[in-house]
Amino acid sequence: MKTYNELKLAKELIRFPTVKTEDKGIMKFLSRKLSSIGFKCKIIKSKGTGRKPALNLYAKLGNSKPHINFLGHTDVVANLNNWKIPPFKGVVRKGYLNGRGSQDMKGGIACFISAVSNFIKDKKFKGSISIIIAADEETTGLGTPSVIKYLKKRREKIDFSVVAEPSSNKSVGDEIRIGRRGSMNGIISVHGKSGHSAFYGSYINPCTALAKIIAKLKNTSLDNGTKFMPPSNLEFTKMNVENLSENVVPQFATAKFNVRFNSKHKSSYLKKKLNKIINTVARKEKCKTRIEYRVSGEAFYTKPNKEIYMVKKIVKKITGNSSKLNCRGGTSDSRFLGSIPRLELGLRNNTIHMVDERTSISDLKKLTKIYYNILENYF
Ligand SMILES: [Zn+2]
């Protein structure tokens, strides 16, 4: 049985310039690698950023329970000018593998494929291993949902998922993500009645109402936070009044805000709560309001369970790190996994999305060892 070396595989993956949802043959390449160690591979299309569809991969080995999954993405961000070493060459220098995606997250993919290949060669096990690789995590985010939809249709159930996003901060395994905060954007438009500013009583000033609404919202505590997430926070990001005159009270005033909320809230509940506050103030000021929302993601969270504690123990054994369980960072495809218990554990994130992205080779080795141990202890 073949095994794959994580460094060699990471180099090969970096050489596919998979910016946006460009495939460049990478999914075929991965399918070939995984098929030859026994995986059944299925390419699942989703809408791409250009004319071509994005190609995502679902690979599975085995059909029995329990079912462990690894999740990753092959797409990379641009920011490709002024690199010291060309971003798609995959060059090793002074102990580091250089290239776009080395940390985020072709390096992580190489580590789990290497670990899986070695594990199935070394050990007999009862259960299944699957791999989901999306082609659009950095852009449209439609790939992982289409794979999940495919699994639902086939009634396939994943019991535990390891998302290989670069979660580590100063050294591999120092942080493990067990959830993410939710994010929601809102626009408040306040409708008053315009008039000459000299004639008090003839106009209704929407600026006054908006200022009071903002003050009221900022003075309202949403919650006290949870064990793993900070208190939810609402922040105003823009205020706007179109007005070219000095002596005219305007008709409209608008403001935009963003809420980062913890797992104590669902966006639907938050909307109701905020609407109530906004409308109460507006009514007192005799103004009308229109409020629009866009939810970018609900908060989610896996309560530390036996798998999460198992991984924490493995990280301690291999790296000496006592991992902090937290919910930091931006969004990731983990948000599409619904109720599947999961964690995010990957390489360091100190150069992701930057010029001269790189990972140390010893980090690749450590992470591969961690993933191998996760498989060994899981089954
Ligand atoms: Zn990523």
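Figures for the structure shown
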item: Complete set of residues in the stretch 324-341 that are away from the ligand (no atom under 15 Å from the Cβ) and either hydrophobic (A, V, I, L, M, F, W, C) or crowded, with 23+ Cβ neighbours inside 10 Å (or both); result: L325, C327, I340
item: Residue in the stretch 253-262 that is surrounded by 20 or more Cβ atoms within 10 Å (Cβ to Cβ), in a loop (DSSP other than H, G, I, E, B) and at pLDDT below 95 present; result: yes
item: Leading residue by the ranking (nearest to F379 (Cα to Cα)) among those in the stretch 140-164 that are assigned to a helix (DSSP H, G or I) and without any contact (Cβ under 8 Å) to a residue 24 or more places away in the chain; result: K152
item: Restricting the stretch 156-171 to residues that are farther than 21 Å from S46 by Cβ, more than 16 Å from the ligand (Cβ to nearest atom) and of a type outside the set (S, T, N, Q), the residue that is nearest to the chain's Cα centre (by Cα); result: F160
item: Test for V281: is it at pLDDT 95 or above, more than 30 Å from A215 (Cα to Cα) and surrounded by 19 or more Cβ atoms within 10 Å (Cβ to Cβ); result: no
item: Scope the stretch 117-139; condition part of a loop (DSSP other than H, G, I, E, B) and more than 15 Å from the ligand (Cβ to nearest atom); matching residues; result: K123, K124, F125, K126, G127
item: Checking D104 against (1) out of contact with any strand residue (DSSP E or B) (no Cβ under 6 Å at 6 or more places or on another chain); (2) of a type outside the set (V, I, T); (3) away from the ligand (no atom under 16 Å from the Cβ); (4) in a loop (DSSP other than H, G, I, E, B), the condition it does not meet; result: (3)
item: When residues of the stretch 313-323 are limited to those that are surrounded by fewer than 20 Cβ atoms within 10 Å (Cβ to Cβ) and either out of contact with any Lys or Arg (no Cβ under 7 Å at 6 or more places or on another chain) or among the hydroxyl-bearing types (S, T, Y) (or both), the one farthest from G99 (Cα to Cα); result: K313
item: Test result for K286, surrounded by fewer than 20 Cβ atoms within 10 Å (Cβ to Cβ) and part of a loop (DSSP other than H, G, I, E, B); result: yes
item: Output for the stretch 305-316, where each listed residue is farther than 11 Å from G173 by Cα and not in a loop (DSSP other than H, G, I, E, B); result: K306, E307, I308, Y309, M310
item: Residue in the stretch 175-210 that is modelled with the lowest pLDDT, counting only those that are closer than 30 Å to Y301 by Cα and outside any strand (DSSP E or B); result: R181
item: Selection within the stretch 76-85 - touching a strand residue (DSSP E or B) at 6+ places or on another chain (Cβ under 7 Å) and within 16 Å of the ligand (Cβ to nearest atom); result: V76, A78
item: Condition met for F88 (away from the ligand (no atom under 16 Å from the Cβ), surrounded by 17 or more Cβ atoms within 10 Å (Cβ to Cβ) and outside any helix (DSSP H, G or I)); result: yes
item: Within the stretch 323-358, tally of residues that are touching a helix residue (DSSP H, G or I) at 6+ places or on another chain (Cβ under 9 Å), part of a strand (DSSP E or B) and farther than 20 Å from G182 by Cα; result: 1
item: Hey, S114 of a type in the set (G, A, S) and part of a loop (DSSP other than H, G, I, E, B) or not; result: no
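The values are calculated or read from the model by the stated rules, or taken from the named source; none is laboratory data. Predicted, not measured: the structure shown is a model, and the values here were computed from it. Backbone-built Cβ (ideal geometry, glycine too); neighbour counts: all protein chains shown.
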